[in-house]
Amino acid sequence: MEDCLAKKMEITVSEAEKRTGRNAMNMQETYTAYLIETRAVESQGEGQCAPMDSLWRRYSEFELLRNYLSVTYPHIVVPPLPEKRADFVWHKLSADNMDPDFVERRRIGLENFLLRVASHPVLCQDKIFYSFLTQEGGWKEMVNETGFQLKADSRLKALNATFRVKNPDKRFTELKHYSDELQSVISHLLRVRARVADRLYGVYKVHGNYGRVFSEWSAIEKEMGDGLQSAGHHMDVYAASIDDILEEEEHYADQLKEYLFYAEALRAVCRKHELMQYDLEMAAQDLTSKKQQCEELATGTVRTFSLKGMTSKLFGQETPEQREAKIKALEEQIQEGEEQLKSKNLEGRDFVKSAWADIERFKEQKNHDLKEALISYAVMQISMCKKGIQVWTNAKECFSKM
């Protein structure tokens, strides 16, 4: 971790800007660009500050970077991007992806994504990632030149492997179930939080109504007027604080959403392992079939029904020379198949070793992050309740002085 990029470079997504331009179809579109600022840490001497480099990136470029990382490092739980459009929001909050509050939260999420990658022991060393941070022009061309799209596995191929693998690794099967459960639990938690936020918003607005009523009442009362006015003021201040509180709540919701999206990153690693296992089993099956064919040709016996066997019976046997040529060709294919199977076995073992090390790293990170987020959320809720108690305590004192 001492060599990770996050230790050598300050990385921030400092600004978001709404822009208008033309897309690949030459149609006008409105999008948001994000300003990435970087500064080398090592060159900062005493009393000196390294110059800040900056460039603009669109959300689609962040998506391209993540897709590249996912394909290039299939054994790694690649950090997710923040949502493109708001989900699990309470009904008073805008779900518009151009809404300033949502754009600001996404800016924070994109910065967090870059810091996650820059802190990862493997991903931080990727040259394309470094270019994304430092090279504004020609970056997309550089990514496409890697040919990573050709290495990407189709969803249909992955689905086929899922259902046809004969000997799935129990650890990855359990991990897939765990990721499904993690996604289910966090989704439920976010839905509950949205309902709580709605209810909380209602409670604060009721206090606003109290404030208005007390203020109006104070205008027609002489002896009680000052007390009612003061109580109304406390209610108004409390009601006005709801916007800041719900904004803070959304921050905690975004922390949970990150791990909602991490669940899909875990499943991506599982799918890649299933594909490798399926290829391994197909190679082993093909090798067994060729060995059987070679043995049948060498001994002249056919163990199973085949079209070739029927053809031989109908039109006569092959000459010894033809049989020898076929046996020689099969022996070469068998040797090649054995080398291929050995290579696939070695590749599979390396994948499992690397993937499991990264999964353990992810779990440690997840436990720490979610623990901190939930504790902070609980502290915030306790603080809110204390403020509510204080408001009514103050109102009680106002009423007592009337």
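The values are calculated or read from the model by the stated rules, or taken from the named source; none is laboratory data. If you're wondering where the values come from, they're calculated on a predicted model, not measured in any experiment. Cβ atoms come from the backbone with ideal geometry, glycine included; neighbour counts cover every protein chain shown. In case anyone asks, the SASA skips ligands and DNA or RNA and just uses the protein heavy atoms, side chains included. Shrake-Rupley method; radii C 1.70, N 1.55, O 1.52, S 1.80 Å.
Looking at segment 199-206, can you tell me whether even one residue there is within 41 Å of the chain's Cα centre (by Cα) and either open to solvent by less than 20 Å² (accessible area, probe 1.4 Å) or closer than 26 Å to LEU159 by Cβ (or both)?
Checking segment 199-206: at least one residue is within 41 Å of the chain's Cα centre (by Cα) and either open to solvent by less than 20 Å² (accessible area, probe 1.4 Å) or closer than 26 Å to LEU159 by Cβ (or both).
Kindly indicate whether any position in segment 160-171 is more than 19 Å from TYR259 (Cβ to Cβ) and among the aliphatic types (A, V, I, L, M).
There is at least one residue in segment 160-171 that is more than 19 Å from TYR259 (Cβ to Cβ) and among the aliphatic types (A, V, I, L, M).
Going by the structure shown, is GLU223 open to solvent by 30 Å² or more (accessible area, probe 1.4 Å), in contact (Cβ under 8 Å) with a residue 40 or more places away in the chain and of a type outside the set (Phe, Trp, Tyr)?
yes
I'm trying to understand the selection: among the residues of segment 152-185, which are of a type in the set (Lys, Arg) and surrounded by 11 or more Cβ atoms within 10 Å (Cβ to Cβ)?
LYS157, ARG164, ARG171, LYS176
Take segment 237-268 and flag every residue that is surrounded by fewer than 19 Cβ atoms within 10 Å (Cβ to Cβ) and aromatic (Phe, Trp, Tyr).
Hits for segment 237-268 are TYR252, PHE261.
What pairs can you find where one residue is in segment 244-269 and β-branched (Val, Ile, Thr), the other is assigned to a helix (DSSP H, G or I) and open to solvent by less than 10 Å² (accessible area, probe 1.4 Å), and their Cβ atoms are less than 6 Å apart, with a gap of 6+ or different chains?
VAL269/ALA355
Among the residues of segment 133-151, which ones are surrounded by 14 or more Cβ atoms within 10 Å (Cβ to Cβ) and under 12 Å from LEU69 (Cα atoms)?
VAL143, THR146, PHE148
In segment 314-327, is there at least one residue being in contact with a Cys (Cβ under 7 Å, 6 or more places away or on another chain), open to solvent by less than 100 Å² (accessible area, probe 1.4 Å) and on the phi < 0 side of the Ramachandran plot?
Yes: segment 314-327 contains one or more residues that are in contact with a Cys (Cβ under 7 Å, 6 or more places away or on another chain), open to solvent by less than 100 Å² (accessible area, probe 1.4 Å) and on the phi < 0 side of the Ramachandran plot.
Looking at (1) buried (at least 17 other Cβ atoms within 10 Å of the Cβ); (2) within 30 Å of ASN345 (Cα to Cα), which is the only condition HIS234 fails?
Every listed condition holds for HIS234 apart from (2).
Hey, could you check segment 356-391 for residues that are aromatic (Phe, Trp, Tyr) and either modelled with pLDDT under 95 or under 19 Å from LEU256 (Cβ atoms) (or both) and say which is least open to solvent (accessible area, probe 1.4 Å)?
Only one residue fits best here, namely PHE362.
LYS396 - would you say it is in a helix (DSSP H, G or I) and open to solvent by 90 Å² or more (accessible area, probe 1.4 Å)?
Answer is yes for this residue.
This table checks each residue for (1) under 30 Å from LEU228 (Cβ atoms); (2) small (Gly, Ala, Ser); (3) in contact with a helix residue (DSSP H, G or I) (Cβ under 7 Å, 6 or more places away or on another chain).
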{"position": "ASP153", "(1), (2), (3)": "no, no, yes"}
{"position": "THR173", "(1), (2), (3)": "no, no, no"}
{"position": "SER184", "(1), (2), (3)": "no, yes, no"}
{"position": "ALA197", "(1), (2), (3)": "no, yes, yes"}
{"position": "GLY211", "(1), (2), (3)": "yes, yes, yes"}
